[in-house]
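Student: Take this structure first; my questions come after.
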Amino acid sequence: MKRYLLPISIFAAFLSLFALLFVGLNIDTKHVRSPLIGKPAPAFSAPRLLDDTRKISNRDFAGHIVVLNIWASWCTTCYLEHPFLMKLAQNKQIRLYGLNYKDTRFAAKKMLKDKGNPYYAVAFDPSGDIGIAYGITAVPETFIIDKQGIIRFKHFGAITLKVWNEKMLPLIQKLNR
């Protein structure tokens, strides 16, 4: 009987590991709730992407509903999202700010020159420290910050018309009341 215990134990351990891996691979990370929801947006001050003689900080958000889009020129999903951001920039209910994450100034400026600039202003974060403070895991990620500077929503991945119409716009309309 003892000679069967080791193979059975190994098989049970392998089966448990496989089950954990299977469950982990099927978790939809787009629905992971950010621990920053309901908390003040992290404080930061950074040079502007397009004018490094001027700074931008979270204090610039005060009194406005802000959509903060974290992006990079090396991010293919950011390129796919960009045309929608250009349309979104026409919405006067919000201020669309950008945070350029772990990028080079040259490449980021070139992307905005080639594709258009949808942003009210863009903070330049080449080290990624600001993005880390916001808890991002990948780009693009987008936050809705209310007039008091509280994070109300976080979206992982590209903003689509469906996400905008079903989640983001209703929240912005509620925050505007």
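Every read-out reported here was derived from the displayed coordinates using simple, explicitly stated rules and does not represent laboratory data. Keep in mind the model is a prediction, meaning the values are calculated, not measured. Neighbour counts are summed over all protein chains in view; Cβ atoms, including those assigned to glycine, are modelled from backbone coordinates with ideal geometry.
Student: Looking at the stretch 128-140, can you tell me whether even one residue there is of a type outside the set (D, E, K, R), under 15 Å from the mean Cα position of the chain (by Cα), in a loop (DSSP other than H, G, I, E, B) and on the phi > 0 side of the Ramachandran plot?
Tutor: There is at least one residue in the stretch 128-140 that is of a type outside the set (D, E, K, R), under 15 Å from the mean Cα position of the chain (by Cα), in a loop (DSSP other than H, G, I, E, B) and on the phi > 0 side of the Ramachandran plot.
Student: Ok, one more. Please find, within the stretch 55-88, the residue that is surrounded by the fewest Cβ atoms within 10 Å (Cβ to Cβ) out of those that are in a loop (DSSP other than H, G, I, E, B) and touching a Lys or Arg at 6+ places or on another chain (Cβ under 9 Å).
Tutor: Selected residue: Gly63.
Student: Inspect the stretch 101-122 for any residue being of a type in the set (Ser, Thr, Tyr) and touching a helix residue (DSSP H, G or I) at 6+ places or on another chain (Cβ under 7 Å) and give the result as yes or no.
Tutor: Yes, because at least one residue in the stretch 101-122 is of a type in the set (Ser, Thr, Tyr) and touching a helix residue (DSSP H, G or I) at 6+ places or on another chain (Cβ under 7 Å).
Student: Are any residues in the stretch 153-173 surrounded by 16 or more Cβ atoms within 10 Å (Cβ to Cβ), out of contact with any Lys or Arg (no Cβ under 9 Å at 6 or more places or on another chain) and not in a helix (DSSP H, G or I), and if so, which ones?
Tutor: Passing the criteria: Ala158, Ile159.
Student: Quick one: is Gly131 surrounded by 14 or more Cβ atoms within 10 Å (Cβ to Cβ), closer than 21 Å to Ser45 by Cβ and not charged (D, E, K, R)?
Tutor: yes
Student: For Lys147, are the conditions met, namely being surrounded by fewer than 21 Cβ atoms within 10 Å (Cβ to Cβ), assigned to a loop (DSSP other than H, G, I, E, B) and touching a Phe, Trp or Tyr at 6+ places or on another chain (Cβ under 9 Å)?
Tutor: Criteria met by Lys147.
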